[in-house]
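For reference, the structure is listed below as structure tokens.
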Amino acid sequence: MDIKRVKAIWLGMLLVLLGAANSAWSDEQTWKVNLKDADIRAFISQIADITGYSFVVDPRIRSNNKVTVISNAPMSREEIYEMFLSVLSVHGYAAVPSEGFIKIIQQNSAKQSAQNTSIFRTIPKEQLVTRVIQVKNANALELVPILRPMVAKYGHLAGVAAANALIISDHINNIERIQRIVGELDSPANYELEVVQLEEAWVGDMVKLLEELAPTELGKGPAKSTKKFSVVADERSNRLILKGDENFRGKMRELIAKLDQPAAVTGTTKVINLRHADAEKLAELLKGLMGEIVPAAGDKGKAAPGSGKVSIFPDEGLNALVVRAEPSMMKEIEQVIEQLDIRRAQVLIEAAIVEISDSLSRQLGVQLVAGDISGESGPVGFTNFNNVGLSAASVLQAIAAGSTSVNIAADIAAIGIGEQKTSGAWGALIQALAGSGQANLLSTPSIITMDNQQSEIVVGQNVPFRTGQTATGTDGTTNPFTTIERQDVGLTLRVTPSISDGDLVRLEIEQESSTISNSAVAGAADLVTNKRQIKTSVLADNSETIVLGGLMSENAITTESKVPLLGDIPLLGALFRSTSSSKEKQNLLVFLRPTIMRNKEEARAISDSKYQGLWELNLSIKEELEGKEAAKKAVRPELDEFFQGNEFINKTPVED
């Protein structure tokens, strides 16, 4: 029989006998183990029988590895497994627990294998595991070179800068030892806060210099420390706040004292180009804003840096601001400009002015004439009424002038009767006039303006009005002159929109509609104008149509001309009088609709909509002149092509 096999059998029998002899199967069975030059594979097999664990053995573990164990004290199942791990470690092997079994592999490969220690009630001290040790105060990367010699060669130790932690793979008892060492090294330092007032330098520049000069302490270098030291800038008071131990704060104080020296040139000059705001208006705003800042007194009774004089000049040609100020003030000015220099919204304002008038008039009159109308002795007498059609005087003047026709309005019914004799003549002119008028004036002006910017549109005539004249100078010489003043007569729309948060628009509106009256004041040579005006402030939502106001008027006029006494005779009195009556109603309504355009896409959409309306008008004209087929073949140019030539206009031929 093979000697090795005999030894293995003998070893197993020895272990069983020792276990039976030294334990009465109480709560915990114990064993005594004494081995000399035993086969390691047989040793693993016997440990599996005692502990009840299943082992998977690496094929590189050879049977020629001999195991020697000398022990006189009884051991429990857990203690035997601890002894088993120690034997494996001595021979360069490790046990890696997994799901339901334990792998026996070489130590160098153990740190790369996944582990599952849940199969143990109590994790053995000699078990090779991986743990994360969190470092609270110290720098984990600085502890790695200190702790690395304490870790086994087949173990692993590394630092994680982002989490400020250590990752270690080793036996549990060694990991616990390293944790105790880390706990002693990771004690909090005596950190305090200290405020340093700068006299000459600006805190913003000073912090950048300190971060470049001390990257390790301030966590700005490649190592990225745990930021246990810090330097914070208080720009409002131009002070530095230091956080750290006495050594760090002393180092920073010494460095700050060397850097806080007067500059060769005070202040900073910068040209800030504006994209949307107006340079001149923004300069006035900033000057008023900076003038309200009161310089803060320093420790020595002088103004602290950053609160000095500020100079702001606008360049209208470049639409830019030239600003000269201390660095802290310059940063504040740049922040204000950034918030003010934004794209302003625009508003499309569409108005509809509707005026409807209705008039009705009735006139009736009889005029008589008697006498010699041959022109030799003149007429004896006649009645002359001017409020109904033609007057008798105008008829007689036409006859005396030899005219064979008299212009009578088409809406006047006139009947003339009379008789010519040698001794004289007589005649009567009966006239009746009835008239009615109805007009519907629709005007739709529209205009685009920026937010809070007044806009105005005027459509009409510039009419001269006489303000004075003279024919003779003050010295008696003839020096005639006439002074006139020109005024706009027509449609005027002035609007100032103001966009609130959301889509609400506040509108300051002044709308005026004026016309030249057909009637003139008796005895005056000046023109008479009719004027309708609305001044108001309204609120409207985006694209909401609102009515601004309406004006309704009704005028009734009745006039009567008659011959005294004769005109009052009942019935026959109608032959000696004329009556005229008129009635007129007018109604004026103004509608308005604002549309907000916050970006160029919305402005482009509205422009395209207006352009489409113009194109449809062009097609209707083309269809009327050339027919439907020609209109169907017409191709609408793009909006940008409208400014590249006359193609759009030439699509509509004009005939004489």
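Among (1) modelled with pLDDT under 85; (2) in contact with a strand residue (DSSP E or B) (Cβ under 8 Å, 6 or more places away or on another chain); (3) open to solvent by 60 Å² or more (accessible area, probe 1.4 Å), there is one condition Phe101 misses while meeting the rest; what is its number?
Of the numbered conditions (1) modelled with pLDDT under 85; (2) in contact with a strand residue (DSSP E or B) (Cβ under 8 Å, 6 or more places away or on another chain); (3) open to solvent by 60 Å² or more (accessible area, probe 1.4 Å), the odd one out for Phe101 is (1).
State yes or no: is Ser187 among the hydroxyl-bearing types (Ser, Thr, Tyr) and open to solvent by less than 20 Å² (accessible area, probe 1.4 Å)?
Details: among the hydroxyl-bearing types (Ser, Thr, Tyr): yes; open to solvent by less than 20 Å² (accessible area, probe 1.4 Å): no.
Judged against the criteria, Ser187 is not a match.
If only one of Ala20, Ala24 is on the phi < 0 side of the Ramachandran plot, assigned to a helix (DSSP H, G or I), aliphatic (A, V, I, L, M) and at pLDDT below 80, which one is it?
Details: Ala24 fails: assigned to a helix (DSSP H, G or I).
Answer to the selection: Ala20.
Has the range 587-597 got any residue that is modelled with pLDDT of 75 or more, over 27 Å from Ser443 (Cβ atoms) and not in a helix (DSSP H, G or I)? Walk me through how you get there before you give the answer.
From the range 587-597, those modelled with pLDDT of 75 or more are 589-597; that's our starting set.
Narrowing further to those that are over 27 Å from Ser443 (Cβ atoms): none.
No, the range 587-597 has no match at all.
Assuming Gln127 fulfils every condition listed in (1) farther than 22 Å from Phe101 by Cα; (2) of a type outside the set (Ser, Thr, Tyr); (3) open to solvent by less than 20 Å² (accessible area, probe 1.4 Å) apart from one, which condition is it?
Unmet condition: (1).
Which residue out of Gly204, Gly221 is modelled with pLDDT under 85, within 30 Å of Asn238 (Cα to Cα), assigned to a loop (DSSP other than H, G, I, E, B) and open to solvent by less than 40 Å² (accessible area, probe 1.4 Å)?
Numbers: Gly204 fails: assigned to a loop (DSSP other than H, G, I, E, B).
Being modelled with pLDDT under 85, within 30 Å of Asn238 (Cα to Cα), assigned to a loop (DSSP other than H, G, I, E, B) and open to solvent by less than 40 Å² (accessible area, probe 1.4 Å) holds for just one of Gly204, Gly221, which is Gly221.
Taking the range 112-127 as the region of interest, how many residues are part of a loop (DSSP other than H, G, I, E, B) and either touching a Leu at 6+ places or on another chain (Cβ under 7 Å) or of a type outside the set (Lys, Arg) (or both)? First the steps, then the outcome.
Let us first name the residues in the range 112-127 that are part of a loop (DSSP other than H, G, I, E, B), namely 112-116, 120-127.
Right, trim to either touching a Leu at 6+ places or on another chain (Cβ under 7 Å) or of a type outside the set (Lys, Arg) (or both) and you get 112-116, 120, 122-124, 126-127.
So the count comes out to 11.
Kindly list, by first and then second residue, each pair from a residue in the range 161-184 that is touching a residue at least 24 places away in the same chain (Cβ under 8 Å) to a residue that is among the charged types (D, E, K, R) and open to solvent by less than 60 Å² (accessible area, probe 1.4 Å), limited to pairs with Cβ atoms under 6 Å and residues at least 6 apart or on different chains.
Close Cβ pairs (under 6 Å, with a partner that is among the charged types (D, E, K, R) and open to solvent by less than 60 Å² (accessible area, probe 1.4 Å)) amount to His171/Glu126.
Can you tell me which of Ile181, Ile119 is surrounded by 13 or more Cβ atoms within 10 Å (Cβ to Cβ) and modelled with pLDDT under 85? Before you say what the answer is, go through the steps one by one.
On the way: Ile181 fails: modelled with pLDDT under 85.
Going through Ile181, Ile119 in turn, just one is surrounded by 13 or more Cβ atoms within 10 Å (Cβ to Cβ) and modelled with pLDDT under 85: Ile119.
The values are calculated or read from the model by the stated rules, or taken from the named source; none is laboratory data. In this text the structure is predicted, and so the values were computed from the model without any measurement. All Cβ positions, glycine included, derive from the backbone under ideal geometry; neighbour counts span all protein chains shown. Heavy atoms of the whole protein, side chains included, go into the accessibility calculation; ligands, DNA and RNA do not. Shrake-Rupley method; radii C 1.70, N 1.55, O 1.52, S 1.80 Å.
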